[in-house]
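Everything below concerns the one structure shown next.
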Amino acid sequence: MERLIMIKYGELTTKKANRKFFINLLDQNIKNVLKDINYKITKDRVRMYIESDEIDLIVTKLLKIFGIHGIVICHKVNTNIEEIQSKTLELLNNIEAKTFKIETKRADKKFDIPSMDFNKQMGGFVLKNTDLKVDVHNPDVKINIEIRIEGTFIYLNEIRGLGGYPVGIQGKGLLMLSGGIDSPVAGYLALKRGVNLECLYFESPPHTSIEAKNKVIALADIINAYSGNIKVNVVPFTKIQETIYKNVPDSYIITIMRRMMYRIAYKIAVKHKCKVIVNGESIGQVASQTLTSMSVINEVTNMPIIRPVACLDKLEIIDIANIIGTYETSILPYEDCCTIFLPKHPVINPELKKCIEYENKFDYETLINEAINNIEIITNLKKQKYEDLL
């Protein structure tokens, strides 16, 4: 008898010809997250199994891996009625319940008792050997029996996984990660749809602090739990920002700054073979996120821009931030470069011709290339504790 983890793929099983590719990538993502744990993985086209002495720890990590529909701590026995009955009774003796339901899935047709008949047979056994009563509609406990070629698996509870696609199945995107609430949530949602990420952060020392940078690294580390291979590109933005401040009217500072950020993001995305740029913009939330502003800012690149939180309101974004664990770090009071030179009355309907006119006042291409040549790439994300950033 053996206790192990069973993983159900869910949406991945609909991929037909691509199913093997999806499952192999999920397998690799799990190995990335479990790299410091001793375990053994076996898999087939409908299930994956993990054996380990640290099952509970592994389950907590699997809960942050996309592409998993269900996680089950199950017990494997030989496919014979006596062992199935014995293990079922053992499990029921360790729980408190008044009602039950049996649900059998017979994938191995060599087992000659049909699922419905075996449900009745096992139900009779449980009624005879326990004080439990049958309730097929709302039972206190559901006894799941999966009869498969490799053995029979018995379990009482299933933990819902994150679903989505395995990270990386859609290629790579570049996440414009600030220290705010929205962009980490956007990154999380992009990961859920299978987009592998690396991050881009703009710093402007001495206008922005080392604490602001560490805050972003901490946020990257939190969402890295859902990926396992995120790195952060830190762009020195001081010269560009100061030049904009000197040459551009106050109302257009944010618009021009965002256009420069997109130019840099595009160059880095191409260099690192990213297919899209991802950010945390939400329609109408701030001046640079009106539809007109987005259109004018987007004009500097033809790379697709993915905005996962574009149609969510702030409270919805905060709810997700709390669920994924980024909110408390995001609200720490360290300003990023988007807020330090924020004008009192930023333009909400910028004109493209004015943007071009203002940008022609300085040699932004040289400044952009200098910034890109001095990028710091952080590959080992050191987890920043909340208290360390206060």
May I ask you to say which residue of 380, 349, 373 is modelled with pLDDT of 95 or more and in the same structural domain as residue 189 (by TED's automatic domain parsing)?
-> 373
Could you tell me which of the residues 192, 110 is basic (Lys, Arg) and loosely packed, with under 15 Cβ neighbours inside 10 Å?
-> 110
Just to be sure, is residue 89 under 30 Å from residue 320 (Cβ atoms), outside any loop (DSSP other than H, G, I, E, B) and either basic (Lys, Arg) or not assigned by TED's automatic domain parsing to the domain that holds residue 195 (or both)?
-> no
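Residues are listed down the side, and each one gets a yes or a no for (1) among the charged types (D, E, K, R); (2) surrounded by 15 or more Cβ atoms within 10 Å (Cβ to Cβ); (3) closer than 17 Å to residue 156 by Cα:
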residue: 24; (1), (2), (3): no, no, no
residue: 35; (1), (2), (3): yes, no, no
residue: 65; (1), (2), (3): no, yes, no
residue: 75; (1), (2), (3): no, yes, yes
residue: 89; (1), (2), (3): no, no, yes
residue: 93; (1), (2), (3): no, no, yes
residue: 98; (1), (2), (3): yes, no, yes
residue: 102; (1), (2), (3): no, yes, yes
residue: 105; (1), (2), (3): yes, no, yes
Among the residues of the range 183-204, write down those that are under 10 Å from residue 336 (Cα atoms) and either without any contact (Cβ under 8 Å) to a residue 60 or more places away in the chain or not charged (D, E, K, R) (or both).
-> 201, 202, 204
When you go through 230, 254, 264 one by one, which is the residue that is modelled with pLDDT of 95 or more and surrounded by 23 or more Cβ atoms within 10 Å (Cβ to Cβ)?
-> 264
Given (1) part of a strand (DSSP E or B); (2) out of contact with any Pro (no Cβ under 9 Å at 6 or more places or on another chain); (3) within 30 Å of residue 272 (Cβ to Cβ), residue 146 misses just (3)
Cβ-Cβ under 8 Å pairs, at least 6 apart or on other chains, the range 112-124 side under 17 Å from residue 154 (Cβ atoms), far side aliphatic (A, V, I, L, M) and in a helix (DSSP H, G or I) | 121/81; 122/84
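The values are calculated or read from the model by the stated rules, or taken from the named source; none is laboratory data. Since we're looking at a predicted model, the values are computed, not measured. Virtual Cβ from ideal backbone geometry, glycine too; neighbours counted across all protein chains shown.
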